[in-house]
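These notes are about the structure you will find just below.
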Amino acid sequence: MSESGQSRRHWRLDWPTSGGGRLAQAQLKSCPEDFRVDEQLDGFPDRSEAQALTGAGEHLCLRLEKTGDNTDYVARELATLSGCRSFDVGFCGLKDRHAVTRQWFSIYRPGLEQDDPAFIRAVSERWSVHAVCRHPRKLRRGEHQRNHFLITLREVRSDRPELEAALVRLQQQGAPNYFGPQRFGHHGANLDRAVAMDPSAMDSRRRQGGRGRKGKHRAGRDASKNVLYFSAARSWLFNEVLASRVEDGSWLTPMAGDPGLTLDEPVPTGPLWGDGGTGAEPPLGDVEREVVDQWPEVLALFATTRMKPERRPLVVQPRALTWGWLGDGSLQLGFSLAPGQYATTVLSDIFELEDLSLGRDNKERS
């Protein structure tokens, strides 16, 4: 796409907050220790005394603490250390590089139980190993139950009573469950690329026919980028629908036609757009289409992909939210979120954040 084509589009990348505006300013991720993430996986030990192996199965699972390394890099290094394919290493979610994070990895090591202690010692030379076990299955994305965050905000500038009242409100009602702006690229570049691409290009198999090995690898990379751009467009439409619900004050209450009404605990949901639209019935479906129809270029992406519509909760509810002021005036917050929910989304409902990690080529992933 030409530069002039990009300049004609102005994507909204900052959406309305639940309180009508942000009440405070703060610095985020001034050092890795200010952003701690602890992945919680039910049925797995939090800590293994003397790295004693428990469980049984073909997959060795390690709970690692890492700083300065992203999840994909650690997974590749574990595969190299074990001598297995990178595909044979599993994990539940991508974790931030500029943070102190604990998460589980599974490594396919059938019949190698006797060698596990030596392998664990080798891993321990690179990362702290907090727990180990054997498991019959590879870990898959999204299988963990929650992530617990312990976040320290520096240089907080606010009216403290007003800020604490906002935190109580956040504790009680949650925040709008927006996708973070980093998903959309710099100034919405991923959205520019999405509306410019051929939707059929997401099927890499169509683009690999008759190619050599090098061509296949390039086609695979191109297909992966196309999926990224498509996902950005889908997420942006969700944010636009959610923004309209925040603006009219209906984002906390399910509307008639909302599939979320059929759940045991009804929740308001919004569309992850697909071929055929929203997955919601009228009147909610009509409301969502009215918002999305304003963006025909984005809608055109979904006409040929046969992507099934899905739903996403409009509300992100931090569990067990606590906070306390430190002696230097910094604010420390602790809370847990379900997979696919973002700590910066929660904080950005109240704080104008200066993310100091962005200058170090880091991006948040939870």
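Structure values in brief
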item	result
Gln172, sole failed condition from (1) over 30 Å from Gly21 (Cα atoms); (2) surrounded by fewer than 17 Cβ atoms within 10 Å (Cβ to Cβ)	(1)
Where Phe35 falls short, out of the listed (1) under 17 Å from the mean Cα position of the chain (by Cα); (2) on the phi > 0 side of the Ramachandran plot	(2)
Members of region 307-355 found to be open to solvent by 50 Å² or more (accessible area, probe 1.4 Å), among the hydrophobic types (A, V, I, L, M, F, W, C) and either more than 26 Å from Val241 (Cβ to Cβ) or modelled with pLDDT of 95 or more (or both), listed by number	Ala320, Trp323, Trp325, Leu326
Matching residues in region 85-111 - criterion: being open to solvent by 50 Å² or more (accessible area, probe 1.4 Å) and touching a helix residue (DSSP H, G or I) at 6+ places or on another chain (Cβ under 7 Å)	Arg85, Ser86, Tyr108
Residue pairs meeting the criteria (Cβ under 7 Å; at least 6 apart or on separate chains; first closer than 26 Å to Asn70 by Cβ and without any contact (Cβ under 8 Å) to a residue 60 or more places away in the chain, in region 108-131; second among the basic types (Lys, Arg) and outside any helix (DSSP H, G or I))	Tyr108/Lys138
Subset tally (residues that are buried (at least 16 other Cβ atoms within 10 Å of the Cβ), over 29 Å from Gly93 (Cβ atoms) and among the hydroxyl-bearing types (Ser, Thr, Tyr)) for region 5-45	0
Search result, residues across region 131-153 that are among the small types (Gly, Ala, Ser) and surrounded by 18 or more Cβ atoms within 10 Å (Cβ to Cβ)	Ala131
Only one of Glu281, Glu265, Glu290, Glu240 that is surrounded by fewer than 17 Cβ atoms within 10 Å (Cβ to Cβ) and part of a helix (DSSP H, G or I)	Glu290
Within region 17-41, considering residues that are in contact (Cβ under 8 Å) with a residue 12 or more places away in the chain and assigned to a loop (DSSP other than H, G, I, E, B), the one farthest from His130 (Cα to Cα)	Gly19
Any pair with Cβ under 7 angstrom, 6 or more apart, that starts in region 160-177 at a residue that is at pLDDT below 95 and ends at one that is buried (at least 18 other Cβ atoms within 10 Å of the Cβ) and of a type in the set (S, T, N, Q)	none
Identity of the residue in region 175-200, assigned to a loop (DSSP other than H, G, I, E, B) and among the hydrophobic types (A, V, I, L, M, F, W, C), that ends up surrounded by the most Cβ atoms within 10 Å (Cβ to Cβ)	Phe179
Number of the condition not met by Glu77 [criteria: (1) open to solvent by 30 Å² or more (accessible area, probe 1.4 Å); (2) touching a His at 6+ places or on another chain (Cβ under 8 Å); (3) closer than 24 Å to Arg36 by Cβ]	(2)
Residue in region 143-155 that is in a helix (DSSP H, G or I) and of a type in the set (Phe, Trp, Tyr) present	no
Inter-residue pairs, beta-carbon under 8 Å, first without any contact (Cβ under 8 Å) to a residue 24 or more places away in the chain and in region 278-298, second surrounded by fewer than 19 Cβ atoms within 10 Å (Cβ to Cβ) and hydrophobic (A, V, I, L, M, F, W, C), 6+ apart	Asp293/Leu299
Members of region 154-169 found to be open to solvent by less than 10 Å² (accessible area, probe 1.4 Å) and among the small types (Gly, Ala, Ser), listed by number	Ala166
Residue tally, condition under 10 Å from Pro309 (Cβ atoms) and among the polar types (S, T, N, Q), over region 250-293	1
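The values are calculated or read from the model by the stated rules, or taken from the named source; none is laboratory data. Fair warning: this is a prediction, and the values are worked out from it, not measured in the lab. FYI the Cβ positions are ideal-geometry reconstructions off the backbone, even for glycines, and counts take in every protein chain you see. All accessible areas refer to the heavy atoms of the entire protein, side chains included, with ligands and DNA or RNA removed. Shrake-Rupley method; radii C 1.70, N 1.55, O 1.52, S 1.80 Å.
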